[in-house]
Each structure stands twice: as C-alpha cells, then as structure tokens.
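Okay, structure first, notes after.
Derivation of every value follows stated rules applied to the coordinates shown; laboratory data play no part. Please read all numbers here as calculations on a predicted model, not as lab measurements. Glycine gets a Cβ as well: all are built from the backbone with ideal geometry, and neighbour counts include every protein chain shown.
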Amino acid sequence: MKKTDKIKIDMRILIVALEDNRRMGDYCLNLKSGKIGLISSEYRPEQEEIKEEFEDNSENFLDITPIPSSKSYQIMVSFAEQF
C-alpha cells in the first residue's frame, strides 16, 4: 500500500474504539481494508479471522488506543467554549 492510497473507515466504529475505556480487548485498524476489529482478551469464535490476519500480517494493522475519559471531557469543554 502506498502512502497516498486512501481507505474507507467506518467513523462510528472508530469513535466506539476511541471511547472504549473498559479495555475488554484491543481495537486495531486494518490499514489495507479500513476495517476496525476488536481482539478480545476472552476467546470469541467470531474474532478468529481477525486474530489470524493480525498474527500473520501485523505490519498491516494499527493499534487504536482509547482516549482517556479526562481527555474526552477536555475535548468537549473546548468544543463547547467555541459557542
């Protein structure tokens, strides 16, 4: 994949991943397909495909680190102060 190639990302899922501070697993973005997956700390059969793909091609994935709730709050305050 070239640096200029564009991928389509479902922003709703990205927002969920950025706001999920429960840490029930790790979210990752597939840099080739744009798909966001959750790799749970518990075994879930529906996650086998993404786990295998991640293990085989980890260079094609980007870890999505949730934003701490205190940081999310500051973002909301900054936004609200604009009005």
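How do L29, L18 rank when sorted from fewest to most other Cβ atoms within 10 Å of their own Cβ?
On the way: L29 20, L18 15.
Going from least to most buried by this count: L18, L29.
Given +1 on the Cβ of Lys and Arg, -1 on the Cβ of Asp and Glu, and no further charges, what dipole in debye does segment 11-80 carry about its Cα centre, rounded to the nearest 20? Present the calculation step by step, with values, prior to reporting the outcome.
Values: 8 positive and 13 negative charges, 106 e Å.
Dipole of segment 11-80, to the nearest 20 debye: 500 debye.
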Using +1 at the Cβ of each Lys and Arg and -1 at the Cβ of each Asp and Glu in segment 11-80, identify which of V16, F54, Y43 lies farthest towards the dipole's positive end. V16
Along each principal axis of its Cα atoms, how long is the chain end to end? Whole angstroms, biggest number first, please. 47, 36, 17
With each run of n ≥ 4 DSSP H residues scored as -39500 (n - 2.57), what mean residue ellipticity at 222 nm is computed for the chain after dividing by its residue count and rounding to the nearest 500 deg cm²/dmol? -10500 deg cm²/dmol
Fewest Cβ neighbours within 10 Å first, please rank Y43, Y27 accordingly. Y43, Y27
Count the lysine pairs in the chain whose Cα atoms lie under 12 Å apart, taking only pairs 8 or more positions apart in sequence or on different chains. 5
Give me, ordered by chain and number, the residues 5 or more places off L31 or on other chains with an amide H under 5 Å from its own placed amide H. F61, L62
